[in-house]
Amino acid sequence: MPVWLREYSWRQTGSAVYLSLPLRGVRATSANIFCTDQYLKVSIPPFLFEAILYAPIDDTNSTAKIGNGIIFFTLYKKEVAMWDSLTLANANKEKLQYLRENAVLKAHEKAKEETEAKKVTKQEHRKYALEATMKLEEEERKRIEDLKEKEQQKVTKELELWKKQQKDAEKQKGVQKEEELHHEVEKLKAKKKEKVNKTMIPNEGISKTALKPTKGHGSCSMFSENLKEEQLPAPRSAATIKINFTSRVFPTALRESRIAEEEEWLRKQAEARRTISADLSELEDLKEEEKNPDWLKDKGNKMFATGNYLAAVNAYNLAVRLNNKLPLLYLNRAACHLKLRNLHKAIEDSSKALELLTPPVPDNENARVKAYVRRGTAFCQLELYTEGLQDYEAALKIDPKNKTIEKDAEKIRHLIQGTTQES
């Protein structure tokens, strides 16, 4: 049974009430306090204190302190006035019960309102955090786009400067050639003049009429015959030049070599080098080196190394228009599409590269491994793990000692097993 605390002391001012509850024989460090605007209840086993206050108080700002064997309350009044007593006088049991129940209901409503307020505040904080995160991501994306734009402008300026330098160099070469040609012409004229002077007869006693050619069939001056003979060059001597070609040495031993397939691969590569599949009339504005697929491939590789994947794709696209039989163009463009998340295009280019990398020979092993890995990576990013694993296993058959491909294939197997167990 609880022991009701009947002994207490209190004093007041116009705005506050100061209540002191002595705890005899109890060393208390904490207490269960329930307080509303007109009801106060304190529970410190074995003591219990309850009071229906004379007038409403501000229960939010009121305080309680425990120490030195007492509980000291500072209760702030809602209205500035002097109370006749601490508790409500002349209250019957029914009224006290009603006031208790009303205080409990108010406490529940207040707790509910505080919970809702906390929930709203929490949602607002989450919303603010989400907006702040989205703003940071947008700023980062804009910063990256600006960097890409600046890099693209820089590369474009460098390309324009390089083109201008090439034009100036070609113009300078043309001027030098014209000057050299002019000097050669002057030299030839000077030599011809010297020869004419040497062939002339210096004797003044000979009559001028004797030098005139006689008219008639077959008549010709000796001077003109000698001049013609001296101007004609001597015929060149004939000779035979013998050319020996070094035979192709393949990396595999003769007993393991597939000479027919290797020769077919070399023949296909040579034909591909000679193939021009684009209409050059559409590309009249390009320079000669820009019409070379190998030059465009090297340019695309440099763009890829600097992270300018869109420019690299454009270079490879033009190279493919010029020659669509070179597998490395499709293979390198697939790598760019992977970086740009154009996964379906990466699969198409990798498949086209594998189609051109036939027959399979040691000379194209590295390219076939890259094609399988890039197509497998694109499949895995599309969550087509079975198809991706097939490509990684095909790459492992070609290069079984590649630990990186082996580890990636093992990760894909675990992903397939986890997906199967979840389903």
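How are the C-alpha pair distances of the range 310-423 spread across 5 Å bins, as whole percents from the shortest bin up?
2, 13, 21, 21, 19, 12, 7, 3, 1, 0
Can you figure out the FRET efficiency of N32 with S351, using R₀ = 56 Å and their beta-carbon distance, to the nearest 0.05?
0.15
What is the gain in length, in nm to one decimal, between E290 and E114 on full extension, counting 0.36 nm per residue of separation less the C-alpha to C-alpha distance?
Length gained between E290 and E114: 56.1 nm.
Within the range 44-122, what whole-number % of the accessible surface is contributed by carbon and sulfur, with the 1.4 Å probe and all protein chains included in the calculation?
Of the solvent-accessible surface of the range 44-122, carbon and sulfur hold 54 percent.
Given R₀ = 60 Å, FRET efficiency for T74-E387 by Cβ-Cβ distance, to 0.05?
0.20
So, for the range 65-201, what is the accessible surface per residue at a probe of 1.4 Å, expressed in square angstrom?
Per-residue value: 90 Å².
Tell me which residues come under 5 Å, amide H to amide H, from Q38 once H is placed; ignore anything under 5 positions away on its chain.
Distant-sequence amide H within range of Q38: I57.
Pop the C-beta distance of V185 and K154 into the FRET formula with R0 = 51 Å and round what comes out to the nearest 0.05.
So the FRET efficiency works out to roughly 0.65.
Run the quick spin-label model on T306 and K195: label points 7 Å from Cα toward the beta carbon, then report their separation in nm to one decimal.
5.6 nm
For a paramagnetic label modelled at 7 Å from the Cα of T133 toward its Cβ, which residues of the range 109-126 fall within the zone defined by backbone nitrogen distances under 16 Å?
In the range 109-126, the label zone of T133 (backbone N under 16 Å from the point 7 Å along Cα→Cβ) covers 122-126.
Take every Cα-Cα distance within the range 361-400, group them into 5 Å bins from 0 onward, and report for each bin the whole-number percent of pairs it holds.
Result returned by the calculation: 6, 30, 30, 18, 11, 4, 1.
If I compute solvent accessible area with a 1.4 Å probe over the protein chains, what percent of it on the range 295-334 is carbon and sulfur?
Answer for the range 295-334: carbon and sulfur cover 56 percent of the accessible area.
Each residue of the range 93-102 in turn: what ³J(HN,Hα) in whole Hz from Karplus with 6.51, -1.76, 1.60 and θ = phi - 60°, glycine and Pro shown as x?
Residue by residue, the range 93-102 yields 5, 5, 5, 4, 5, 5, 5, 4, 4, 5 Hz.
Amide H to amide H under 5 Å from I71: which residues, 5+ apart in sequence or cross-chain, H placed 1.01 Å off N in plane?
Here L21, L23 satisfy the definition.
For a label point 7 Å from the Cα of N102 along Cα→C-beta, name the residues of the range 14-55 whose backbone N is under 19 Å from it.
34-41, 50-55
Mind checking the log10 I(q)/I(0) for the range 313-364 at q = 0.13, 0.16, 0.27 Å⁻¹? Debye, one equal scatterer per Cα, no solvent, two decimals.
The Debye formula, applied to the Cα set alone, gives -0.29, -0.43, -1.02.
Of K302/K403; K192/K242; K154/K297; K150/K403, which sit over 31 Å apart, Cα to Cα?
Exceeds cut-off: K192/K242; K150/K403.
What is the Å³ per residue value for the convex hull set by the Cα atoms of the range 80-178?
Spelled out: Cα convex hull of the range 80-178, divided by residues, is 114 Å³.
The values are calculated or read from the model by the stated rules, or taken from the named source; none is laboratory data. All figures in this text were calculated on a predicted structure; none of them were measured in a lab. Glycine gets a Cβ as well: all are built from the backbone with ideal geometry, and neighbour counts include every protein chain shown. Surface areas here come from the heavy atoms of the whole protein model, side chains and all, with no ligands, DNA or RNA. Shrake-Rupley method; radii C 1.70, N 1.55, O 1.52, S 1.80 Å.
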